[in-house]
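One structure is given here, and the rest of the page talks about it.
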Amino acid sequence: MAQTTSNAAQGLGQATTLASGFQFPSLHNFPPFYTLQPTASTWKNQSDLWGTIIMRYYRHHRLYQLDLDDSATNDQLFSNQRINRRLNSETIQAIVEEMVKKGDAEWDATSRKRRAIIYWRKPEDWAAMISSWVFESGLNNSILTYYEIAHGENSEDQEFFNIHPAVLQKTMDVLVKRGVAATFQGANFEEMGVKFFNAGV
């Protein structure tokens, strides 16, 4: 499949564009792309390509959690009616496992590898973005709740608006570890507090 995949990636068929504006690469129309390839080198290439598509799709739609049992999202992402092909659940799981190894995803520990967070932007990058926003907005030296960061009026125009709780927590962990911020317990997750000390991240 390796040489054929290379040819397909260069333009086999027409790229599919969704109503949302997301455009799949032409490889999305290549039937063998939907079958887990038995050769290790070919599988690595295949899983890397699928991982890239997943990351782009999730970033375009501002999604964070991949659920293997979410048929609505998975039917759109992992199937192609034009060629009557779709990835099965086991192959999707194997692709996500490869993404986890590279740090592009993380399994929900309670899901038995049925749900994963997709890191289309790394927590370290979110940390830099949120820290910059805090200081540019003059919100440092005051305690912000997690809700204000993720859903507050001041953050409505920010890319991290409506960020997934698990990603936000990972981001706060980065900031605390770097000595940029301290967190405070709240009655629930959204009422958790964070105070920023300085601008350097």
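Working carefully through the options Glu156, Glu148, find the one that is of a type outside the set (A, V, I, L, M), loosely packed, with under 15 Cβ neighbours inside 10 Å and either touching a residue at least 12 places away in the same chain (Cβ under 8 Å) or out of contact with any Ser or Thr (no Cβ under 6 Å at 6 or more places or on another chain) (or both). So that I can check it myself, show each step before the final result.
On the way: Glu148 fails: loosely packed, with under 15 Cβ neighbours inside 10 Å.
Answer to the check: Glu156.
What is the residue count in region 159-170 for residues that are buried (at least 21 other Cβ atoms within 10 Å of the Cβ) and touching a residue at least 60 places away in the same chain (Cβ under 8 Å)? Break it down stepwise before answering.
As a first pass, look at region 159-170 and keep what is buried (at least 21 other Cβ atoms within 10 Å of the Cβ): 163, 167-168.
Still in the running and touching a residue at least 60 places away in the same chain (Cβ under 8 Å): 163, 167.
Residues in region 159-170 being buried (at least 21 other Cβ atoms within 10 Å of the Cβ) and touching a residue at least 60 places away in the same chain (Cβ under 8 Å): 2 in total.
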Across region 74-112, the tally of residues that are farther than 18 Å from Asp48 by Cα, of a type in the set (Val, Ile, Thr) and touching a Phe, Trp or Tyr at 6+ places or on another chain (Cβ under 9 Å) stands at 1
Scanning region 182-196 for residues that are part of a strand (DSSP E or B), open to solvent by less than 40 Å² (accessible area, probe 1.4 Å) and more than 26 Å from Tyr58 (Cβ to Cβ) gives Ala182, Gly193, Phe196
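Within region 87-94, can one find any residue that is over 25 Å from Pro31 (Cβ atoms) and crowded, with 17+ Cβ neighbours inside 10 Å?
Quick first cut of region 87-94, residues over 25 Å from Pro31 (Cβ atoms) only: none.
The answer is no, given that none of the residues of region 87-94 is over 25 Å from Pro31 (Cβ atoms) and crowded, with 17+ Cβ neighbours inside 10 Å.
Any residue that is in contact with a Pro (Cβ under 7 Å, 6 or more places away or on another chain) and not polar (S, T, N, Q) - is there at least one of those in region 85-103? I'd like the intermediate steps shown before the answer.
Step one: filter region 85-103 for residues in contact with a Pro (Cβ under 7 Å, 6 or more places away or on another chain), giving 85.
Applying the additional criterion that residues be not polar (S, T, N, Q) yields 85.
Among the residues of region 85-103, at least one is in contact with a Pro (Cβ under 7 Å, 6 or more places away or on another chain) and not polar (S, T, N, Q), which makes the answer yes.
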Checked region 118-145 for anything at pLDDT 95 or above, in contact with a helix residue (DSSP H, G or I) (Cβ under 8 Å, 6 or more places away or on another chain) and either closer than 23 Å to Asn45 by Cβ or open to solvent by 20 Å² or more (accessible area, probe 1.4 Å) (or both); matches are Ile118, Tyr119, Trp120, Arg121, Glu124, Thr145
Expected output for region 101-112 (first residue of a type in the set (Asp, Glu), partner surrounded by 11 or more Cβ atoms within 10 Å (Cβ to Cβ) and part of a loop (DSSP other than H, G, I, E, B), Cβ below 9 Å, 6+ apart or cross-chain) is Asp104/Tyr119; Asp104/Trp120; Asp104/Lys122; Glu106/Tyr119; Asp108/Arg114
When every residue in region 105-132 that is assigned to a strand (DSSP E or B) and not basic (Lys, Arg) is compared, the one nearest to Asn88 (Cα to Cα) is Ala116
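The values are calculated or read from the model by the stated rules, or taken from the named source; none is laboratory data. Remember, it's a predicted structure, so these values are computed and weren't measured experimentally. Don't worry about glycine lacking a Cβ; one is built from the backbone with ideal geometry, like all the others, and counts go over all protein chains shown. Ligands, DNA and RNA are excluded from the accessible area calculation, which covers all protein heavy atoms including side chains. Shrake-Rupley method; radii C 1.70, N 1.55, O 1.52, S 1.80 Å.
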